[in-house]
Structure formats: structure tokens, C-alpha cells
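Just so you know, all these numbers are worked out from the coordinates, no wet-lab data involved. This structure is a prediction, so every number in the text was calculated from the model and none was measured. Here the Cβ positions follow ideal geometry from the backbone for every residue, glycine too, while neighbour counts run over all protein chains shown.
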């Protein structure tokens, strides 16, 4: 392989791992800073939230998606456009509640956990909790203006670990 | 593959998070008598070194994943060129703008529009805040060099945002 061709591949490879590695270093640092997993989880959620409120503008500027008319459309945009754009994966949407206000996203291949092994003493750590915060922050910024301030409750986004791998959140929106 | 914007967003949040946890946060690195400044400076130093440490680990890991052929550089200068081109493109989607050396182990890498500083105001405003946004990257450079077999000290300086210089001093064994 010529030097020129291999240069491009090296950059691409490093670039694709950069976020995963940086995230890993962050979680490691947080585990040192906080005594228990619950606090780390909260911190990841909070940081994710702060990222989400800015990320949504980046997303809307780059994706050309229009207003979502209902929650199902929102779910589609999250899974098929946003996740694809930012993480290169398309989670599947399942588990719709009868009222249509709650769903689950299943990440088959979660890029955040590449190369990651959790030691035994961190069984309560929700490693990918940043993602929940990001979703919560992004969605909160784009809630429908028709809803009054009391109508839109804080979105609940949580990760349920069913198979210890890449299970992901549910978005909850309650209308008043 | 994670989008490049994610790294930038994460980095900004990491800087904010680590700064919020200073035992004694102080606004800037400027000298001058101020009550409790020793504590403030110590707190800042801790946060900067934490960011550098994280960057170092990431740089090491990035270096470790490179194929063997890449690591067979002929000269030290080749390695620095690799940092300025391949590594910089991978992390910041652009090449370093200039590389200078005294051919005695000191290199100055200049980026006229460093992406992690670009979002802040340009010029002299927020100059005091700039070191926080450079610490991780200094560590990253040092970490990658370390994996490539080079021990170094990396510091950064900003005269006017968003341009900055990274100084790499090779440590002889």
C-alpha cells in the first residue's frame, strides 16, 4: 500500500476511535473523582444533558429535518437520523407503550463500549449514561411550543441493562 | 464511526466539568496578590494536570492502534510530521499550519485556527481561559509520542485566539 493511501486509512481509524477513547478516559476519571457508581451515573447524565442542549442545534443545522408532528416521528428521527449521523448506528425502536408516549431504543453495537471492560466493583455503573443525558437535553430544547410550561414534564430517559450490552433508553413525554 | 463534532462537544463539557470541581476555583492564571490565590492556583494546576493525563491516555491508545508499518519511522522529524498531518487530521479535521524545529530536539507546532479555541471569541478576550482548552491536546501529543517511543514535554501557548502553538521538547534518555 502506498504511503499516501495508508495515511488516509490511519487518520480515519484514529478518528473513529477518538470519541470512544476519550469517553473511556472520562468515565475512568469520574470513577476516581466520585466514590460511588450512582454519583458517576448522575454526573454522566448531567454532562450529557449539557451536551444535548447544544448538540440539538448542530443536528438541526446539518440534518434538514422539519418539525416532528408526533412522538413516533420523533423516535424515528432520533434512531434513523441522529444516531446515524453522530454514532454511525441505527438503534431499533421497540416497546411502544399503549399510550404512545414511551419507547425503547435498542443499540445492537454501542460504539461507546468498544474495548471497554467494566471491573467487578462497578456493577451499578451505567457506562453509557451520557447518551441518556444527551437525548434528554436535546429533546427538552425542542419540545412543542403548544405545550405550556407545566405540560412538558422532565423527560425521563433511562438505560435498562437486560443483556449487559447496549440496551438503551426510553423517552417519556407526558402531556398535561 | 463517531462524528467529529461529538469529540468537540465532549471536550468542552469535560473542561467545564473538571473546572467546576476545583476545591478553590479562580478565574485566571494571572499572577498578582489575591486572597487564597495559592489554593486557587493549586486547584487550577490539578484540573490542568487531570486534563493532560486524560489526553495522554487517549494519545497512547491512539498510537497503540496504529499498524506496525506506520511506526517504522526513519527519523524523529518524520514522527513530528506524522503528528502534524495524520494525527491532527484525525482529531481536528485539518493539518497543523506550521512545524518548526531547531534540529536539536525542540519543535514548535503552530495551528492558526485551533478548533477547540475557535468557538471562543477571537483575539485577546478569554485569553486566560485558553490553557484549559489546550491541556487535553498537550497530553494527547505527549501520549502519542510516548507510544511511538519518544519521551517529551509538551506545552502550549496562545498569543491571540484562535491561534496557538504547541512546543514539543524531546527528552533524551
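Below is a table of values for the structure above.
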read-out: Footprinting exposure proxy for B:92, B:73 (fewest neighbouring C-beta atoms within 10 Å first); value: B:73, B:92
read-out: Per-residue average of Cβ from other chains inside 10 Å of B:56-65; value: 4
read-out: Order of B:100, A:136, B:57, A:72 under a 10 Å beta carbon neighbour criterion, fewest first; value: B:100, A:72, B:57, A:136
read-out: Inter-site label distance for residue A:42 and residue B:157 at 7 Å from Cα along Cβ, in nm; value: 4.3
read-out: Shielding by partners - mean other protein chain Cβ count within 10 Å, residues of B:84-91; value: 5
read-out: Ranked A:51, A:126, A:89, criterion: other C-beta atoms within 10 Å, fewest first; value: A:89, A:126, A:51
